[in-house]
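Taking it in order: structure first as structure tokens, then the write-up.
The values are calculated or read from the model by the stated rules, or taken from the named source; none is laboratory data. As the structure is a computational prediction, the values presented were derived from the model and not from experiment. Don't worry about glycine lacking a Cβ; one is built from the backbone with ideal geometry, like all the others, and counts go over all protein chains shown. The area values use the complete protein model at the heavy-atom level, side chains included, leaving out ligands, DNA and RNA. Shrake-Rupley method; radii C 1.70, N 1.55, O 1.52, S 1.80 Å.
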Amino acid sequence: AAPRRAWPLSRLHADPAGVARSVAELEAGRGGLLLRGSRFQLKVWEALLALPEGCVTSYGALAAALGRPRAARALGGALAANAVAVLIPCHRVLRAHGAPGGYRWGLERKLALLGREALRAGAGPPT
């Protein structure tokens, strides 16, 4: 429903192979991606892209790193507005005490992404 609202004049169809090709091109540094968001949202997403795979941060730490230490709630809104969850790794943001917190795409998916990254980084599954 969300893509239909964003692009009401478009015809949408599933193309898993095409998506896989596009993701591979982006991961290889080729291709492009149009991101729509506020200046703050774009800064948040850019900061997340700088986090190495397998690393996590907290809402407060990320807000402080952006020079907006009191903006942890606004940061949560920016994370929720992320429409390309795997490419912009909003799953890497946890609550201050280490709990996973919420996730637009579901807590189960967030934990799976964190686990996959931890395994690929050689750190073992998150605890």
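Can you give me the number of residues within the range 6-15 that are outside any loop (DSSP other than H, G, I, E, B) and either open to solvent by 100 Å² or more (accessible area, probe 1.4 Å) or closer than 23 Å to Leu66 by Cβ (or both)?
0
Just for the range 17-35: of the residues that are farther than 26 Å from Ala80 by Cβ and either in a helix (DSSP H, G or I) or among the β-branched types (Val, Ile, Thr) (or both), which one is modelled with the highest pLDDT?
Among those that are farther than 26 Å from Ala80 by Cβ and either in a helix (DSSP H, G or I) or among the β-branched types (Val, Ile, Thr) (or both), it is Ala17.
Between a residue in the range 62-81 that is over 16 Å from Ala96 (Cα atoms) and any residue that is open to solvent by 10 Å² or more (accessible area, probe 1.4 Å), which pairs come within a Cβ distance under 7 Å, given they are 6 or more apart or on different chains?
That search, which allows pairs on different chains as well, returns Leu66/Lys43; Leu66/Ala47; Ala78/Phe40; Ala78/Gln41; Ala80/Arg104; Ala81/Gly37; Ala81/Gln41.
Output the residues belonging to the range 41-67 that are outside any helix (DSSP H, G or I) and under 22 Å from Ala83 (Cβ atoms).
Correct list: Leu51, Glu53, Val56, Thr57, Leu66.
Those residues that are over 13 Å from the mean Cα position of the chain (by Cα) and surrounded by 15 or more Cβ atoms within 10 Å (Cβ to Cβ), I need them from the range 90-110; list them, please.
Pro100, Gly101, listed by residue number.
What pairs can you find where one residue is in the range 22-42 and on the phi < 0 side of the Ramachandran plot and of a type in the set (Ser, Thr, Tyr), the other is open to solvent by less than 80 Å² (accessible area, probe 1.4 Å) and modelled with pLDDT of 90 or more, and their Cβ atoms are less than 9 Å apart, with a gap of 6+ or different chains?
Final answer for the pair search is Ser38/Ala78; Ser38/Ala81.
Are any residues in the range 62-80 more than 20 Å from Leu114 (Cβ to Cβ) and surrounded by fewer than 18 Cβ atoms within 10 Å (Cβ to Cβ), and if so, which ones?
Scanning the range 62-80 gives Ala64, Leu66, Gly67, Arg68, Pro69, Arg70, Arg73, Ala74, Gly77.
Which ones in the range 31-54 are open to solvent by 50 Å² or more (accessible area, probe 1.4 Å) and within 13 Å of the chain's Cα centre (by Cα)?
Correct list: Leu35, Leu42, Lys43, Glu46, Leu49, Ala50, Pro52, Glu53.
Of the numbered conditions (1) within 18 Å of the chain's Cα centre (by Cα); (2) at pLDDT 85 or above; (3) assigned to a helix (DSSP H, G or I), Pro3 satisfies every one except a single condition; which is it?
If we test Pro3 against (1) within 18 Å of the chain's Cα centre (by Cα); (2) at pLDDT 85 or above; (3) assigned to a helix (DSSP H, G or I), just (2) comes out false.
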